[in-house]
1. Please specify each residue of segment 205-229 satisfying the condition of being touching a residue at least 40 places away in the same chain (Cβ under 8 Å), open to solvent by 20 Å² or more (accessible area, probe 1.4 Å), out of contact with any helix residue (DSSP H, G or I) (no Cβ under 6 Å at 6 or more places or on another chain) and hydrophobic (A, V, I, L, M, F, W, C).
2. Just checking, which of Lys471, Lys496 is among the basic types (Lys, Arg) and open to solvent by less than 60 Å² (accessible area, probe 1.4 Å)?
3. Just one of (1) away from ligand 3 (no atom under 16 Å from the Cβ); (2) in a strand (DSSP E or B); (3) within 24 Å of the chain's Cα centre (by Cα) trips up Pro384, so point out which.
4. List the number of the failed condition for Ala365; all other conditions in (1) open to solvent by less than 20 Å² (accessible area, probe 1.4 Å); (2) within 11 Å of ligand 1 (Cβ to nearest atom); (3) under 21 Å from the mean Cα position of the chain (by Cα) hold.
5. Pull up segment 418-439, narrow it to residues that are over 19 Å from the mean Cα position of the chain (by Cα) and outside any loop (DSSP other than H, G, I, E, B), then point me to the one that is nearest to ligand 2 (Cβ to nearest atom).
6. Hey, among the residues in segment 270-294 that are more than 16 Å from ligand 2 (Cβ to nearest atom) and surrounded by fewer than 18 Cβ atoms within 10 Å (Cβ to Cβ), which one's farthest from Phe382 (Cα to Cα)?
7. Would you check which residues across segment 295-330 are charged (D, E, K, R), open to solvent by 10 Å² or more (accessible area, probe 1.4 Å) and out of contact with any strand residue (DSSP E or B) (no Cβ under 6 Å at 6 or more places or on another chain) and list them?
Amino acid sequence: MSYVRTEDLVDITPASAGASEEPVALVAIGIFQDAETLSASQQALDALVDGGLTRARERGDFRGRDSDDDFALFHRDGDGPQRVLFVGMGKVEKADRETVRKLAGRAVRRAEALSVTELHLVVPALAGEEDGAFEAVRAGAEGIHLAAFDFRELKTPGEGDDAPKPLVDRALLSVDADGEAPSGVEEAIRVGSAFGAGENLARILQFRPGNVATPSHLAEVAEAMAADLGLEITVLGPDEMKAEGMGALLSVAAGSEEEPRMIVLEHRGGGEGEAPLALVGKGLTFDTGGISLKPPKGMEDMKFDMSGGAAVLGAMKAIGMLRPVVNVVAVVPSSENMVNGKATKPGDVIRTRQGKTVEVINTDAEGRLILADALSYTADHFKPAAMVDCATLTGACVIALGHQAAALLGSDDDLVEELRGAGDRSGERCWPLPLWDAYRSQLDSPVADLKNVGGRPAGAITAALFLSEFKGDVPWAHLDIAGTAYGEPRAPYQRKGGFGFPTRLLLEWVRTRSG
Ligand code: BES
Ligand code: ZN
Ligand code: ZN
């Protein structure tokens, strides 16, 4: 099973906004709910369907609301597009990059319903943004790649009526800047496509089940990607982990037949000796809970417990494609959490790489253990300018924030604010929780330096406080993605399963940092 290369993406070509006459199977454009006048491109498309848009709006059949159900589709005869689709985008003042991603997602889903594999998407320039045309094209490209993605590699392809629906594989993209000729459209497509490719790689790794996506598999994918994109790679196995004194990571892997791996990828785009940005992701390829076994209901979703690691690998793919002028190091500690005669038991005391001892009260709180060793390794070996980890770490995070935002906790207020902003812009939102010392006593142990669980109250906070003990003196922040990494689709460019979250958030942050 291969890793995703650029060729697997939708082929997106820039087109001029006035190109509504192009002979494509489907042209799609967004309409704002409260637009009093139509743009030149919208008018041209309305004219192509003999004023059908105007009639549909007058009759209230199509209102332009921000809803998957509010659209108007017209079938044409003769030259030019065969079908014209008007898609609701909601209110003008609420329009942002996510509006454009959703527009792209709705256009691609309609194309799928029609079994059409090519479309021309016209996105609105974002009036509220500094470079509104560029950002709209970027978001449009992102949305197309994300929406067109479907994980099919483990299904036997059917034939005839059983054949799978074809996926969109070709798109024209233009921006409706009302008369102005926007610049940088090709570059915007390049950036949006890299973000999409990165997030789609993360999704593939998420979707692959635990018997496919083992720690060694993640390492092999990272190796293939590094060779392809010119990234440096080091992979640690059990021997190297022993030499490093990684007792926490090894204690989690102890109950499994699959060997653990720690993947270290480097992009050297900045100055020699310049402190890198560090991305660390939990790569727990299956979490049974260990001796503190999880209940069976929904346990299959614990194949997604490597979502943080997947997002970090996805981000490195895009970074390898875009080669930003900054040094970046990615670290993915990867293990299974299983049960056998050698498995770590509740009450066992283990020694972390950094030296602190931990009383393992609950073997299901394993993510913080593998991350503890990864964080101290990253801090010591790379002395990063900033370090961000992401992990499906706690059920408590899902209780606190549901499925709309990742929990964000960090030792550095500026870094927390940067990430929150990157979350808003990328459409992968995160929201702060306090990392107060007052919670620290919940982790006190009678026999070791700390215990690995802090009880039910403030579970996402005590988990982050645990991690903070291992970050050294590096500015650090943590994203708990337990509620946002996978699940039922929450946007039209997602499907049920892995979302690749927070690949785009991490990339947006790296992009801001690289200027
Ligand atoms: N992987 C889980 C966290 C999780 C829960 C992810 C739900 C996605 C959805 C983690 O390893 C875990 O089991 N955490 C425990 C910690 C507890 C024992 C302190 C939890 O949250 O229940
Ligand atoms: Zn667990
Ligand atoms: Zn886990």
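The values are calculated or read from the model by the stated rules, or taken from the named source; none is laboratory data. Remember, predicted model here, so these are calculated numbers, not experimental data. Every residue, glycine as well, gets a Cβ built from its backbone with ideal geometry; the counts of neighbours run over all protein chains shown. Side chains included, ligands, DNA and RNA excluded: accessible areas come from the protein's heavy atoms. Shrake-Rupley method; radii C 1.70, N 1.55, O 1.52, S 1.80 Å.
1. Hits for segment 205-229 are Phe207, Val212, Ala224.
2. After ruling out the rest, the residue left standing is Lys471.
3. (2)
4. (3)
5. The qualifying residue nearest to ligand 2 (Cβ to nearest atom) is Tyr439.
6. Gly271
7. Lys297, Glu300, Asp301, Arg323
Conditions tested, residue by residue: (1) in contact with a Gly (Cβ under 9 Å, 6 or more places away or on another chain); (2) in the same structural domain as Val116 (by TED's automatic domain parsing); (3) more than 30 Å from Gln494 (Cβ to Cβ).
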residue: Glu36; (1), (2), (3): no, yes, yes
residue: Ser39; (1), (2), (3): yes, yes, no
residue: Gln42; (1), (2), (3): yes, yes, no
residue: Leu48; (1), (2), (3): yes, yes, yes
residue: Glu58; (1), (2), (3): no, yes, yes
residue: Arg63; (1), (2), (3): yes, yes, no
residue: Asp70; (1), (2), (3): yes, yes, no
residue: Asp79; (1), (2), (3): no, yes, yes
residue: Gln82; (1), (2), (3): no, yes, no
